[in-house]
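Contents: one structure, followed by commentary.
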Amino acid sequence: MSAAGDWNASLPAERYCDAVVIGAGPAGSMAARELARRGMRVLLVERKTLPRSKVCGACLNQRAVSWLELAGLSHVLPQLGAVPTKRFRACCGRRSVEIELPGGAAVSRESFDFALAQAAVDCGAQLLTGTTAMLRDVGSDAGGREIELRGPAGNTRTIQAGVVLAADGLGHPSLAQCREFACRVPRGAKLGVGTRTVDAPQSFQPGTIYMAIGRGGYAGLVRLEDGSLSLAAAVVPQAIKRAASPAAAVAAILAEAGMPECGLAEAGPWQGTLPLTQSTPRPVGHRVLVLGDAAGYVEPFTGEGIAWALSGGLAVAEFAERGLCEWNAHVEQGWLHAYRRLVRDRQLCCRGFAAVLRHPSIARMAVQLASAWPAVCRPIVRTLNRPVRPLELCQS
C-alpha cells in the first residue's frame, strides 16, 4: 500500500470527533487520555512520527512527578528507567553553587512522550502521526470547528470536532489562520537549541542537573536513562551568528562558565526552536482551548515546564467536556482562570530567573550569594517542587 493509502486507512472512519487534540507532547497526550477516559471520541494528531526527539531539558521536577501520580501514571517513569535527579549545579564566571533537589527525574523526550501517547491510546484515543493539522477560521456561530489534516504525501482530509485542543508547541502553527490567537514574542527572546552526546566526560554525573551561564545564554545538561548526556540551551540569536553554529555558541557558554568540554564535536544532530519566550494573550476561542507551550512559554530550569504541561492537560478535560455539551462564556472564563492559576501564575518564579540570567554580572552575584548562603534557595526550591494536591484540580 502507498504512503497515502496507509495514511487514509489510519484516518477516523467518521468525519466527526468529539475532540481533536493537536500535538502529542505531555500536555496534548495527557489531555487526550483524560478526555478518552470520560468517554469522548478523541483524535490525537502529531506532526512527526513517534518516537521523536525534541529540544528539551529532559527533566521533570517533583511537582511534575506528582501530576503523573495524580493521573494514575506513577508507573511510567520507573518503566522507562528514568534517572532520579537529586542536585542542581549552576556555574557562572567560574563560580558555582550546588543545590539539593527533591524527587525529580531525567528521561528522554522520545521515551516519555511516546509512553504518554500510548497511555492515551490505551484509554481509547486514536493517534494519527505524521500529520499536520490546521484549524479553519470560521464564524463564531458554528456548532463545531473544522480541521484540515494533511498527510505525509500531501493528501488532505477535513474533519469536524465539537472542541479543539491546540497543544502543538511554540507558535501553535495549527492556529495560523486564526488571528485571535496571535503570539507575542518579546524583543531579545532566546532561541532553543539542543543535542545529545555519548562522549561526555564522567565528571557529568547521573542525578545532577548542570547549568552553565554565559554572555551568550545558558545551557542545561543532564544524564539520561541510556547514559547519554542531554544538552538544551537558550542562546542569544546574535551569539549563534557570531559563532557560526549552535555547537560553537554553546561551547563558548560552557567555557565561559568553567565547565569541561562535553563532546559537542561528536554530538548527534542539533535541533532548534522558535524564540522561546512567547505568550498567547487569550488561550481560548470559540470551541478552542489552547494549552501547553502553545498557550505560552517561559524558560524552565529544573523540570518545571513538564509540570506546567501535565497540569494543563489534566485540568483542560473538564472544560472540554463542558464545552462539548454547550459552549458558552462560562467555559471560556473557566479555562482562563484554571490556566492562570495552575500555569501562568506558577511561571512567575522562572520569569524572574530568566530576567536574572539576561545579565551575567547579576547572575554571577546570585551564584556567589547562593553558594555562601544556600538557605536562601530553599524556599524557592520548595515552591517550584511542591507536590500537587488533588483539591487543586477541583478548584478549576
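The values are calculated or read from the model by the stated rules, or taken from the named source; none is laboratory data. Remember, predicted model here, so these are calculated numbers, not experimental data. Reconstructed Cβ throughout: ideal geometry from the backbone, glycine too, with neighbour counts over all protein chains shown.
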Report summary line: Apart from one, (1) in contact with a strand residue (DSSP E or B) (Cβ under 7 Å, 6 or more places away or on another chain); (2) surrounded by fewer than 22 Cβ atoms within 10 Å (Cβ to Cβ) all hold for residue 28; the odd one out is (2)
Query raised in the report: What tally of residues in the range 103-137 results from selecting those that are within 16 Å of residue 166 (Cα to Cα), part of a loop (DSSP other than H, G, I, E, B) and in contact with an Asp or Glu (Cβ under 8 Å, 6 or more places away or on another chain)?
Result: 3
Query raised in the report: In the range 165-175, which residue that is on the phi < 0 side of the Ramachandran plot and in contact with a strand residue (DSSP E or B) (Cβ under 7 Å, 6 or more places away or on another chain) is modelled with the lowest pLDDT?
Result: 170
Query raised in the report: Among the residues of the range 93-122, how many are in contact with a Gly (Cβ under 9 Å, 6 or more places away or on another chain), modelled with pLDDT under 95 and within 20 Å of residue 302 (Cβ to Cβ)?
Result: 2
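I'd like to check something: does the range 297-304 contain any residue that is closer than 29 Å to residue 187 by Cβ, among the small types (Gly, Ala, Ser), assigned to a loop (DSSP other than H, G, I, E, B) and at pLDDT below 95? Steps first, answer last, please.
To start, the set of residues in the range 297-304 that are closer than 29 Å to residue 187 by Cβ comprises 297-304.
With the extra rule that they be among the small types (Gly, Ala, Ser), the set shrinks to 303.
Keeping just the survivors that are assigned to a loop (DSSP other than H, G, I, E, B) gives 303.
Filter once more, keeping what is at pLDDT below 95: 303.
Within the range 297-304, one or more residues are closer than 29 Å to residue 187 by Cβ, among the small types (Gly, Ala, Ser), assigned to a loop (DSSP other than H, G, I, E, B) and at pLDDT below 95.
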Query raised in the report: Does residue 156 meet the test of being surrounded by fewer than 22 Cβ atoms within 10 Å (Cβ to Cβ), touching a residue at least 24 places away in the same chain (Cβ under 8 Å), hydroxyl-bearing (Ser, Thr, Tyr) and farther than 25 Å from residue 198 by Cβ?
Result: no
Report task. Only one of these is touching a residue at least 12 places away in the same chain (Cβ under 8 Å) and over 23 Å from residue 109 (Cα atoms): 284, 298. Name it. Result -> 284
Report summary line: Of the conditions (1) modelled with pLDDT under 95; (2) over 27 Å from residue 197 (Cβ atoms); (3) charged (D, E, K, R), the single one that residue 54 does not satisfy is (2)
Query raised in the report: Since residue 72 meets every condition but one in (1) in a helix (DSSP H, G or I); (2) without any contact (Cβ under 8 Å) to a residue 60 or more places away in the chain; (3) within 23 Å of the chain's Cα centre (by Cα), which condition does it not meet?
Result: (1)
Query raised in the report: Within the range 143-164, can one find any residue that is in contact with a strand residue (DSSP E or B) (Cβ under 8 Å, 6 or more places away or on another chain), under 27 Å from residue 362 (Cβ atoms) and not aromatic (Phe, Trp, Tyr)?
Result: no
Report summary line: Those helices (runs of 4 or more DSSP H) completely within the range 306-396 that have 1 or more residues that are surrounded by 18 or more Cβ atoms within 10 Å (Cβ to Cβ), touching a Pro at 6+ places or on another chain (Cβ under 6 Å) and of a type outside the set (Phe, Trp, Tyr) are 348-357, 378-385
